[in-house]
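Report on one structure; see the data block that follows.
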Amino acid sequence: MIILYFGRGNDYLRLCFNRAYGDFKRTLGGIRKHPRGVEVRRRADEALIEIFADVKAIETPTQQQFDDWHKSACLRLASIYRDCDYPSFFVGHAQKWLNMAFKYIYFMGEPRLPGFGKLYDLCHVPLDNILITDLSPFGFQNLPCAWSSLNDYEAYLDRQRWVRHHFSFAPLDVEFLLWMGKPLPPEALRDSKSA
């Protein structure tokens, strides 16, 4: 399954990054023909290795530490693209890359990618059209623009806070259930008075 979905290789972390990139690259208009497209991707890939090593190194991570790390990581990725003369890489792209990479890390499992399990409950959901549609019956507030054009990190983080406060399950558990088309069990919803 891993070879079929991620390709060949035993650098499982890079395989996760590559697969996650494929989940949003269609929204990067003109990147394939960009004169520095190969360079920017190489620089971003190297940064991702450092970025994920940084979060993995936090011994007992808190939600605030994870959120701060996530914001810094998103801004760093956007900066790499801007520095390579591609100004149309936004927080929306970065969050999708990071958040999907985490989903794939957990798919790979602790034996292949150890040390990430402590972060599972802190992870953000990858915002995209499908998830936004799936969350709308629960009162999820739409983004002010397309998810891929979002460049306001606070608007993004407000939606992540909403997920954490609206559901009693870990955000990725909610996302996995919705993505599979499963109904959320009643215990997944927090009492609206306490949310």
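Computed from the coordinates by the stated procedures, all read-outs in this text should not be read as laboratory data. Just so you know, these numbers come straight off a predicted model, no measurement behind them. Cβ atoms come from the backbone with ideal geometry, glycine included; neighbour counts cover every protein chain shown.
Tabulated data
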{"read-out": "Helices (runs of 4 or more DSSP H) wholly inside the stretch 1-75 containing at least 3 residues that are within 21 Å of C123 (Cβ to Cβ), of a type in the set (S, T, N, Q) and free of Cβ contacts under 8 Å to residues at least 60 places away in the same chain", "value": "none"}
{"read-out": "Residues within the stretch 117-144 that are in contact (Cβ under 8 Å) with a residue 12 or more places away in the chain and not in a helix (DSSP H, G or I), tallied", "value": "10"}
{"read-out": "Some residue of the stretch 83-100 being of a type outside the set (S, T, N, Q), part of a helix (DSSP H, G or I) and more than 12 Å from the chain's Cα centre (by Cα)", "value": "yes"}
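Results for (1) among the charged types (D, E, K, R); (2) assigned to a helix (DSSP H, G or I); (3) surrounded by 17 or more Cβ atoms within 10 Å (Cβ to Cβ), shown as yes or no for each residue.
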{"residue": "Y156", "(1), (2), (3)": "no, yes, yes"}
{"residue": "R159", "(1), (2), (3)": "yes, yes, yes"}
{"residue": "R164", "(1), (2), (3)": "yes, yes, yes"}
{"residue": "F169", "(1), (2), (3)": "no, no, yes"}
{"residue": "L172", "(1), (2), (3)": "no, yes, yes"}
{"residue": "E175", "(1), (2), (3)": "yes, yes, yes"}
{"residue": "K182", "(1), (2), (3)": "yes, no, no"}
{"residue": "D191", "(1), (2), (3)": "yes, no, no"}
